[in-house]
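See below for the structure under consideration.
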Amino acid sequence: MTDLAKKRFAQLGQQLQLDQLTVVRRQAEGWRNGLTGLTGLVGVVFVLKGRESVAGMPAVWRWTTAALLVAAFGLLLIGALGAVRAAHGQLGQRTWLTGDRLFAAVLDEVERTQDALTAARRTSVVGLCAIVAAIGVSWVVPAEESAAGSKEPATAVPHVLVVTVDGPRCGELMAGDTRTLTLKVAGESGESGGRTPAASGWRSIPFDQVRSITPVRGC
Amino acid sequence: MPDHVPTDFREHEPAVPPTDTFAVVRSEDGRWYTVTGPCPTCRATVVFRVAYGVLGPPKRLLRGGRRTPEPLTGSIPVYCQCGYPHAEKPPESPDAGCGAFWEVPVPSPAPGTTT
Ligand SMILES: [Zn+2]
Ligand SMILES: [Zn+2]
């Protein structure tokens, strides 16, 4: 009786003994590429979506977001380096390159590679979770804040009180060049009184009519 | 070195003579076995090494230390790798022996060995 499959599988096993390292390296390369792509994707999402919503947050949440991002950056960096190390580890470092030692070194290297890969996967996943948490915070927290009823959104545009020959005008300073000053005037809500309702909108004031410009917290 | 019998290459499973003894030795770290013994067909001493497959996620609960796989049970299929040229071997065959293969039972681990 001859069971050739038995021999074929024994031969396959012998071949696999030599190929284990190649297999695990290829696997690590795939993971490295995947992790890098995923990290880039989430990072881009955050860069596109995150910044402006962070600006209006209370300090605690801003710090939370920052801490999450720093942690995520560290974790992703460690993960990426781990994946690179898994994909490009060295074989036969600091060992005699005899057949026996190398045989053991290959097994060691395969195990080390897989450990590095596992660690890289875990840190990357935790890092991605931190980024997603940061995005979630940046989405959720300002919504709560504006729902809490603070009338004054924290805009970066300064309000100025401009005294002209016609009287004072208050608004957001939009632009100014050598001839005119452009204000965005909120018509009805103007507290200075006596402003006509039609005054809402953008308003250009020639500089020769301007007597003084004073920065104010609001109009 | 026992005399080598230049048999024709043939992939078959000969009966192992009961007088032949095979040494099945587990490596120190427990990760491979070395089978040494005479080929039943061509009588050359054959060394055959079987390693533990370390691919895949590590099966361990405790961290640290080198993982020692469980000892092998049953038998190890071994094929001849005598290295002598044998006639009638097809050129595409990767074999380095007479083509014979057989099974060597693995002795149950001695009480002293690590598991
Ligand atoms: Zn032979
Ligand atoms: Zn043989």
- Message: Need the full-extension length gain, A:T118 to A:I213, defined as separation in residues times 0.36 nm minus the C-alpha distance. One decimal, nm.
- Response: 27.9 nm
- Query: Using a ≥ b ≥ c from the Cα gyration tensor of region A:4-144 (square roots of the eigenvalues), is it rounded, prolate or oblate, where a/c under 1.5 gives rounded and otherwise the larger of a/b and b/c decides, a/b for prolate?
  - Reply: prolate
- Query: Per residue, how much accessible area does region A:4-144 show when a 1.4 Å probe rolls over the protein heavy atoms, in square angstrom?
  - Reply: 56
- Only Lys, Arg (+1) and Asp, Glu (-1) charged, at Cβ; region A:4-144 dipole about Cα centre in debye: 340
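What chymotrypsin sites (Phe, Trp or Tyr not before Pro) in region A:55-103 are in a loop by DSSP, with at most 13 other Cβ atoms within 10 Å of the Cβ?
Numbers: sites: A:W61, A:W63, A:F73, A:W96, A:F103; in loops: A:W96.
In loop regions of region A:55-103 (DSSP not H, G, I, E or B), the sparsely surrounded chymotrypsin sites (Phe, Trp or Tyr not before Pro) are A:W96.
Report, as an integer, the average count of C-beta atoms from other chains found within 10 Å of each Cβ along B:42-51. Write down the numbers at each step before the final one.
On the way: counts 0, 0, 0, 0, 0, 0, 2, 5, 4, 11.
Shielding by partners across B:42-51 averages 2.
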- Starting from the amide H of B:S75, placed 1.01 Å from N in the peptide plane, find each other amide H under 5 Å away whose residue is 5 or more places distant or on another chain. B:V106
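What FRET efficiency, computed as 1/(1 + (r/R0)^6) with R0 = 22 Å and r the Cβ-Cβ distance, is obtained for A:L12 and B:E28, rounded to the nearest 0.05?
Details: r = 26 Å, r/R0 = 1.19.
Taking R0 as 22 Å, the efficiency between A:L12 and B:E28 is 0.25.
How shielded is A:4-14 by partner chains, expressed as the average number of their Cβ atoms within 10 Å of its Cβ atoms?
Values: counts 4, 1, 6, 12, 4, 1, 8, 5, 0, 5, 7.
Partner-chain Cβ atoms within 10 Å, mean over residues of A:4-14: 5.
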- Query: Want the number for A:A5 to A:L102: 0.36 nm per residue separation, take away the alpha-carbon distance, what's left?
  - Reply: 32.0 nm
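Using 1/(1 + (r/R0)^6) with R0 = 35 angstrom and r between the beta carbons of A:T182 and A:H88, what's the FRET efficiency to the nearest 0.05? Don't skip to the answer; put the middle values down first.
Working: r = 58 Å, r/R0 = 1.65.
Result of the calculation: an efficiency of 0.05.
The values are calculated or read from the model by the stated rules, or taken from the named source; none is laboratory data. From a predicted model like this one, the values you see are computed outputs, not experimental measurements. Backbone-built Cβ (ideal geometry, glycine too); neighbour counts: all protein chains shown. Ligands, DNA and RNA are excluded from the accessible area calculation, which covers all protein heavy atoms including side chains. Shrake-Rupley method; radii C 1.70, N 1.55, O 1.52, S 1.80 Å.
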